[in-house]
1. What does the convex hull of the alpha-carbon atoms of the range 6-86 project to on average, in nm²?
2. So for each of 210-222, 9-21, 121-133 I average, over its residues, the number of other beta carbons within 10 Å; can you give me the resulting order with the highest mean first?
3. For the range 151-240, what log10 I(q)/I(0) values come out of the Debye formula at q = 0.13 1/Å, with one point per alpha carbon and no solvent?
4. Rounded to whole Hz and in sequence order, give me ³J(HN,Hα) for the range 57-74 from the Karplus expression 6.51 cos²θ - 1.76 cosθ + 1.60, θ = phi - 60°, writing x for Gly and Pro.
5. Going by average Cβ neighbours within 10 Å, how do the peptides 63-70, 294-301 rank, with the highest at the top?
6. List the relative contact order of the range 1-140 as a percent without decimals, with contacts defined as Cα pairs under 8 Å and 6+ residues apart.
7. Among 310-316, 109-115, how do they line up by average Cβ neighbours within 10 Å per residue, starting with the highest?
8. For a label point 7 Å from the Cα of residue 209 along Cα→C-beta, name the residues of the range 136-171 whose backbone N is under 16 Å from it.
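Derivation of every value follows stated rules applied to the coordinates shown; laboratory data play no part. Worth saying up front: this structure is predicted, and the values here are computed from it rather than measured. Neighbour counts run over all protein chains shown; Cβ positions are idealised from the backbone, glycine included.
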Amino acid sequence: MEKSLARKLKAIHADPSGCREFIIADAKDADMAFGIGAPGLSPEKHDGELRFRTLAEYREQMRIIVKSELVDIMLMSASTAEVLAIHERLFENSPVTPAARANDTTDIHVLRGGKGYLAPSAPFRTASIDQMQCGHLDCSPEERHLGANLGLYSITFNNDMELDRRALEEFKLFREEAERKGFTYFLEVFDPNVPNAVAPELLGKFVNDAVARALAGVTGSGRPQFLKIAYHGPQAMEELVAYDPHLVVGILGGSAGTTLDAFQLIHDAKKYGGRVALFGRKINQAEHQLAFVHFLRLIADEVIGPVEAVKAYHGVLQQLNIRPNRRLEDDLVILTGINSYGSNGTISVPPPAPVAEAPAAAAAPVADPAPPVTVEPPVEAVLGEPVPEPEPKKPVAASKSPTNARYPGPNFEAMTSAERLEYHRNRLKQQFGS
């Protein structure tokens, strides 16, 4: 089956300024960073003590998200990619692309009681390209597409010539190996993990310049599929997109924050030229991950706005009898996001104006239940009006891309707004009931 990632990238490159396609990745590679705590807290009570989900539970969430086909990429550690992609063949008949973290620089090594991530980032790679592709060293040619043939390669520039030069040299070695083995990658550029490495007002410009300079000498055969960077506001995003329309820009999610943080971020990224969102903690720490991803997709497809999506998401939680982490009014607040794995992370630029006036968000689950929100079905209630009937004589179209003959998914660009709304309403009803 053709992967939705390939289809969308082709459409974006065909019309960089006009294409409305948007790529969503679920970044569940956190076991490369946090260890035992990567799967997140268990929702179950354990005599008042907090317990983390197990690795098996973490992987089960990945299976659920992949089977929903709401995301385009599932990013995993190499060990999880081996289990799900090679052993279980989860992605064989799926439009979702498996990806693995191709390197794990020292600034993502965040251990309980550890301090290593506080030091300037240093290059490091646990998994080899062969191990990501086929599960062992020295893959045969026919084995190279068994596992993940897409990887996340990460660089942290710290405005230190010697450190940055070493990072670029390791990046060069990786690109050369990837090209020889037919391995594709996307490039993550973190903000500096050293305090005061760059003046705050120049941080977005520094990252943009670092990206442009790092890729200026890289020919087409070695260039990344897309970027993953922190969102530094409209000006920085538009500057990078305008510089090279074929350098597909994606944003990282950073810390979990409020639900509006996540929903507003994906909305703003697309509004100002971004075409990819890779959310890890924002998805993994949601009360109901599948419902959360549903609304990310609705926002990315321009069906509803961020504020309406937060209200509808709370309505779904109410229908499922799931206690929200925050009251609705607290979840409608924009907080400043932390963009690095460590607690000393850099700060993203918040939206220029708040979208709702509400008290500061609670740091812990609230004691009182959320106020009632009637959502039946969720999208209809959010819009406050009946779902309009699709225009006659214009059926929902499959993608017109000639390479998309085997992909059954709809082509949202060929739909009316009513058709997009009807499509997503039906998906929500199938997942959560009416």
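1. 7.2
2. Descending packing order for the listed peptides: 121-133, 9-21, 210-222.
3. -0.43
4. Working through the residues one at a time gives 5, 4, 5, 5, 4, 5, 4, 4, 5, 4, 5, 6, 6, 7, 9, 9, 9, 10 Hz.
5. Sorting 63-70, 294-301 by mean packing, highest first, produces 294-301, 63-70.
6. Value for the range 1-140: 24 percent.
7. Ranking the peptides 310-316, 109-115 by packing returns 310-316, 109-115.
8. Under 16 Å, as judged by backbone N against the label point of residue 209, lie 157-162, 164-165 of the range 136-171.
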